[in-house]
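One structure is given below, encoded as structure tokens.
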Amino acid sequence: IPKAVLAGLLVTVGIRLVNLDHIKDSIKHGEAIPYFVTIAGILVKDLLTGVALGFVVGAVVLLHRLTAVTVTVTRQPQRLDGTKPGVEVVISGALTFRGVPELTSQLAAIPAGTDAKVDLDLRFMDHAGYEALHGWQLGHERTGAKVEVDGLDAAWSKGHGPAPAPAPAGQGQTV
């Protein structure tokens, strides 16, 4: 079979696979990057290279989404019962080593001595995330603040068993 015929067949099949509605949906949902990388790789190099590049980029995008964490800190005004103002912290997503810098920067912005209520809406938490949150809690409580973390042990034990034992006295935890 002549190579020109095979090339023509490949181009015809490739064009029929393109669905403009699917491309528009991919763009709308932020999933078009692997698609366009695949097309560029095919056009610049060859089919195998394009598909491999698209697969790798798709895996990186997926890992990014699966390990993303959102930390929202909301200042609470003085309460009606006369207690001092505080903050509410909502942590959602997956608290992994990748999200620890985001977590620690947001928590470091909370003034010392400010009471905090932390709500966890986590799909997953690894040891680095647990240590960062627990270490901040202990350190912030030493400033005289009251810190309430809803579900820390439950979030940790989803896939890990019981929470790690706290460090013995005199051996401070590092964050």
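Points to keep in mind about this one:
- All positions within segment 130-175 that are modelled with pLDDT of 90 or more, in contact with an Asp or Glu (Cβ under 7 Å, 6 or more places away or on another chain) and open to solvent by 40 Å² or more (accessible area, probe 1.4 Å): K146
- Any hit, segment 46-67, residues being out of contact with any Lys or Arg (no Cβ under 6 Å at 6 or more places or on another chain), closer than 30 Å to K117 by Cβ, touching a residue at least 12 places away in the same chain (Cβ under 8 Å) and open to solvent by less than 100 Å² (accessible area, probe 1.4 Å): yes
- Whichever residue in segment 27-69 is of a type in the set (F, W, Y) and out of contact with any Gly (no Cβ under 8 Å at 6 or more places or on another chain) and, among such residues, is nearest to A94 (Cα to Cα): F55
- Test: residue in segment 120-129 that is assigned to a helix (DSSP H, G or I), aromatic (F, W, Y) and at pLDDT below 90: no
- Those residues of segment 85-113 which are farther than 24 Å from L66 by Cα and out of contact with any strand residue (DSSP E or B) (no Cβ under 6 Å at 6 or more places or on another chain), in sequence order: A108, A109, P111, A112, G113
- Residue within segment 107-118 that is open to solvent by 40 Å² or more (accessible area, probe 1.4 Å) and assigned to a helix (DSSP H, G or I) present: yes
Each row is one residue, and each column tells you yes or no for (1) hydrophobic (A, V, I, L, M, F, W, C); (2) closer than 23 Å to G135 by Cα; (3) surrounded by 10 or more Cβ atoms within 10 Å (Cβ to Cβ).
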residue: I1; (1), (2), (3): yes, no, no
residue: V13; (1), (2), (3): yes, no, no
residue: I33; (1), (2), (3): yes, no, yes
residue: T38; (1), (2), (3): no, no, yes
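- Filter pass, P85 being open to solvent by 30 Å² or more (accessible area, probe 1.4 Å), under 17 Å from H140 (Cα atoms), of a type outside the set (D, E, K, R) and modelled with pLDDT under 95: yes
- If you go through segment 1-60 and keep only what is of a type in the set (G, A, S) and touching a Ser or Thr at 6+ places or on another chain (Cβ under 6 Å), you end up with A32, G41, G50, G54.
- When V5, V37, V56 are checked against the criterion of being modelled with pLDDT of 90 or more and touching a Pro at 6+ places or on another chain (Cβ under 9 Å), V56 stands alone in meeting it.
The values are calculated or read from the model by the stated rules, or taken from the named source; none is laboratory data. For clarity, every value in this text was computed on a predicted model and none was experimentally measured. Every residue, glycine as well, gets a Cβ built from its backbone with ideal geometry; the counts of neighbours run over all protein chains shown. Side chains are part of the model used for accessible areas, which takes the heavy atoms of the whole protein and leaves out ligands, DNA and RNA. Shrake-Rupley method; radii C 1.70, N 1.55, O 1.52, S 1.80 Å.
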